[in-house]
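Step one of this worksheet: look at the structure below.
The values are calculated or read from the model by the stated rules, or taken from the named source; none is laboratory data. Computed from a predicted model, the values in this text were never measured in an experiment. Glycine also receives a Cβ, built like all others from the backbone with ideal geometry; neighbour counts cover every protein chain displayed.
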Amino acid sequence: MTWHFRCATCDFTGDSAQILWRCPNCGGELLIEGLPELLESVDQSRPGLWRYRLLLPVQGPDTGSILGEGDTPLVPFEIDNVRIHLKVDSQLPTGSFKDRGAAVLCQYLKEIGVRRIIVDSSGNAAASMAAYAAATGLECTVFVPATASPGKLVQARASGATVIPIEGSRDDVATAAQTAADEDQSASYASHNWHPVFVEGVKTWAFEVHEQLGGRNPDRVFAPAGGGSSFVGAWRGFSATGSRLPGIIAAQPEACAPIVRAWKEQAPIRRMEAGPTIAEGTKIAEPPRARQIARVLEHPAAGAIAVDEELLISTLKQLWAGGIYCEPTGALGVAAFRIALSRNEVDPDELIVAHITGHGLKSTAAINDLLE
């Protein structure tokens, strides 16, 4: 491999074979440099997201794919009398967009000789990392919030992962996982919110959209944002197509919207205590990829929108009524589009794509409560 790690804060660089997830000098977030930056060569002999392997930091699986990841549909959908497109990543193998990052990250860790991983998650990444760890032969321990949706935790256990519930905040869960990894020299911390290889896998959703639109980028995309991998992945992916970069909008719940606050104030992202929200997948009080998120927000057409719970529920019900059964977090992008439309911030004739990030079966209990 010719790529390398670079710290976003200090002057540290590291070899691609080093087992790293953040800067060993200053603790900052790591970036990946040295990968091809243009989507010029697509390996059509490979299925799913692995046809983009030349732009990924891995050699890829020998069998073509791991669990059939990639190639999710781009579905036309009408909401508020406007036609948009939904990138339905809820149809990935474990039901969430995080399969893209998990597939590439687990394959990478396998290739550099890791045998056991420790991760933390509010649910979707737990299920995804556990499944791909099992498929690539890695042992997996997952630290989760004690309040996480049971369906997601069942998925992780079914894949053979050891699941450890932690009382307290989402940050408490991450701290517990990092401490466990630091104390166990046989394990590698494989955080979807920290590891730079993860977001390289996620960027493939943008590659697919570009191809599905006939070799063009949309005018604007709306992506749920907690840790920011869908949002940053969109920027990484669409930037590599060679076409005009779309406006990329981060969608967050009002109860936890540090990215929205930073964008409105034109200030660095800082910690914001999370309040109650049904969009549990985005309750990240202080996103670790703050510098990368800030770089996306510097683009003139980028932005961030906070969604109130009432509108999120209304949007969910419209999506479900149209056959798109997504979890609450997965509807944030569509809800943010509705806000932008009501403010005349988007033209109804624009080509709009919203990222549907997770399946409704992940949140059966919460959805049942909304329907009663």
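Of the residues 362, 264, the single one that is closer than 21 Å to residue 231 by Cβ, under 19 Å from the mean Cα position of the chain (by Cα) and not in a loop (DSSP other than H, G, I, E, B) is 362. Among the residues of segment 57-112, which ones are among the charged types (D, E, K, R) and touching a Leu at 6+ places or on another chain (Cβ under 7 Å)? 69, 80, 87, 99, 100, 110 - these are the residues of segment 57-112 that are among the charged types (D, E, K, R) and touching a Leu at 6+ places or on another chain (Cβ under 7 Å). Across segment 68-111, the qualifying residues are those that are among the hydrophobic types (A, V, I, L, M, F, W, C) and surrounded by fewer than 19 Cβ atoms within 10 Å (Cβ to Cβ), and the one among them that is farthest from residue 318 (Cα to Cα) is 74. Condition check for residue 148 on (1) assigned to a strand (DSSP E or B); (2) surrounded by 19 or more Cβ atoms within 10 Å (Cβ to Cβ): one failure, at (1).
Could you say whether any residue in segment 107-128 is of a type in the set (S, T, N, Q), outside any helix (DSSP H, G or I), in the same structural domain as residue 159 (by TED's automatic domain parsing) and touching a residue at least 40 places away in the same chain (Cβ under 8 Å)?
For segment 107-128, residues of a type in the set (S, T, N, Q), outside any helix (DSSP H, G or I), in the same structural domain as residue 159 (by TED's automatic domain parsing) and touching a residue at least 40 places away in the same chain (Cβ under 8 Å): present.
Here segment 337-369 is the region considered, the condition is being of a type in the set (A, V, I, L, M) and either closer than 13 Å to residue 279 by Cα or touching a His at 6+ places or on another chain (Cβ under 7 Å) (or both), and the residue that is surrounded by the fewest Cβ atoms within 10 Å (Cβ to Cβ) is 366.
Which ones in segment 217-262 are touching a Gly at 6+ places or on another chain (Cβ under 9 Å), over 12 Å from residue 307 (Cα atoms) and surrounded by fewer than 24 Cβ atoms within 10 Å (Cβ to Cβ)? Listed by number, the residues that qualify are 219, 220, 241, 243, 247. Checking each residue in segment 220-238 for being closer than 14 Å to residue 85 by Cα and of a type outside the set (Phe, Trp, Tyr) picks out 220, 221, 223. For segment 20-33, the count of residues that are on the phi > 0 side of the Ramachandran plot and exposed (fewer than 12 other Cβ atoms within 10 Å of the Cβ) is at least one.
Counted as qualifying within segment 161-219 are the helices (runs of 4 or more DSSP H) with 3 or more residues that are within 15 Å of residue 85 (Cα to Cα), namely 204-212.
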